[in-house]
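Comments concern the structure below.
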Amino acid sequence: MKEVMKEVITKLKEADAVLIGASNGLSISEGLHLFAENQAFVELFSDFREKYGIHNILQGMFFEYRTEEESWAFWSRLIKRFVCEYRVTENMEALRKLTEGKPYFIVTSNGEGHFGAAGFDSQNIYEMEGNFVEMQCSKGCHNKLYPADEAAEKMVAVQKDCKVPSELIPHCPVCGRSMQVHSVVCPHFLVDHEAAENFQAFLKRFHGKRLFILELGIGWRNQMIKAPLMELCRQEKKAVYVTINKGEIYIQNDIKEKSYGLDGDMTEILAGLRQCMEQG
């Protein structure tokens, strides 16, 4: 794989811009596994598992809690653990190095906000399904988003029996209704139209140029990010497509000649690419 990595880095250095697409595989490598009933889940949500029959974080996200006090008890713990306590990982440091000096854009379905926390420019990030770093009016009465971290930490400190005190539920400063996390799970989820427009402007700017498409942890059935990225590579004659995933590499036949599939541990592969980059 070392020789393949060297070839990938050569293509990266030749590129005019970098487009990163990221999904669950990257989150898993950072310690957030939405689908697993693993030790991290048990340590954080064992009481929710016992009370509600929730067996992973994704189920907790979509569970229909009876009260806002219960819903915010779940979300505040998730925010505290994966937002407030987050420290930039080797993966993010490697990605910063790989994009250094290049125009870039990031499209992701991940909601933990780690790209922003790692120092990537928010104007170059499109979180397609929102995030739980911020909160919005539960009825979507206006488009402004608000930080959720401070409120979450206060809730975690005093919650009992999977509930937070009613007085700690954040309320919309415009209409007075309760706030919810800025996530697609919210019935009145606010789509980030500005980010979507920035993404389209990036694609227009580098149309016909040497675009390096780097896909991180996206399964073959993903129609939100993977399918459009492969189609983009097919349309852009000078584009290169690199997909990194563990145990599942899928590349369409019509772009295989200009694509690379790196199968293995995300952290190890990104570290290897970074090393190749630094060695010149």
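Just add up the charged neighbours of G119: K/R +1, D/E -1, any other residue whose Cβ is under 13 Å from the Cβ of G119.
Working: positive: R87, R96, K97; negative: E93, E100, D121.
Overall, the nearby charge balance is 0.
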With Cα springs under 10 Å, the Gaussian network model of the chain assigns the largest mean-square fluctuation among E93, E167, E112 to E167
In degrees between 0 and 90, to the nearest 10, how far off the longest principal axis of the chain does helix 90-99 point, with axes built from Cα atoms?
-> 50 degrees
What is the helix-to-structure angle for 266-279, meaning the angle in degrees between its Cα long axis and the longest Cα principal axis of the chain, kept from 0 to 90 and rounded to the nearest 10?
-> 40 degrees
What list of whole percents do you get for P(r) of the chain, with Cα-Cα distances grouped in 5 Å bins up to the one holding the largest distance?
-> 1, 5, 12, 16, 17, 15, 12, 9, 7, 4, 2, 0
Per residue convex hull volume, Cα only, the range 11-160, in Å³ is 121 Å³
Could you give the alpha-carbon Rg of the range 160-280 over 2.2 N^0.38 Å, rounded to two decimals?
-> 1.50
Per-pair calculated FRET efficiency, R0 = 30 Å: T10 and Y250 via Cβ, rounded to 0.05 | 0.80
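What are the trypsin sites (Lys or Arg not before Pro) within the range 56-93 that DSSP puts in a loop, where the Cβ has at most 14 other Cβ atoms within 10 Å? Can you show the working numbers first?
Details: sites: R66, R77, K80, R81, R87; in loops: R66, R87.
When the trypsin sites (Lys or Arg not before Pro) of the range 56-93 are filtered for loop state and at most 14 Cβ neighbours within 10 Å, R66, R87 remain.
Given the Cα-Cα distance of V42 and E85 and 0.36 nm per residue of separation, how much length would full extension add, in nm? Display every interim value, and only then the final one.
Working: separation 43, 0.36 × 43 = 15.48 nm, distance 1.76 nm.
Contour length minus the Cα-Cα distance gives 13.7 nm.
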To the nearest 0.05, how large is the calculated FRET efficiency for N143 and A227 if R₀ is 35 Å and r is the Cβ-Cβ distance?
-> 0.75
Report, to the nearest 10°, how far helix 226-235 tilts away from the longest principal axis of the Cα atoms in the chain, using its own Cα long axis and a range of 0 to 90°.
-> 30 degrees
Enumerate the lysines that K237 could reach by cross-link, defined here as Cα to Cα under 23 Å, with residues fewer than 8 away along the same chain left out.
-> K6, K11, K13, K102, K204, K209, K226, K256, K258
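Just so you know, all these numbers are worked out from the coordinates, no wet-lab data involved. A quick note: this is a predicted structure, and the numbers were derived from the prediction, not measured. Every residue, glycine among them, receives a Cβ derived from its backbone with ideal geometry; neighbour counts consider all protein chains shown.
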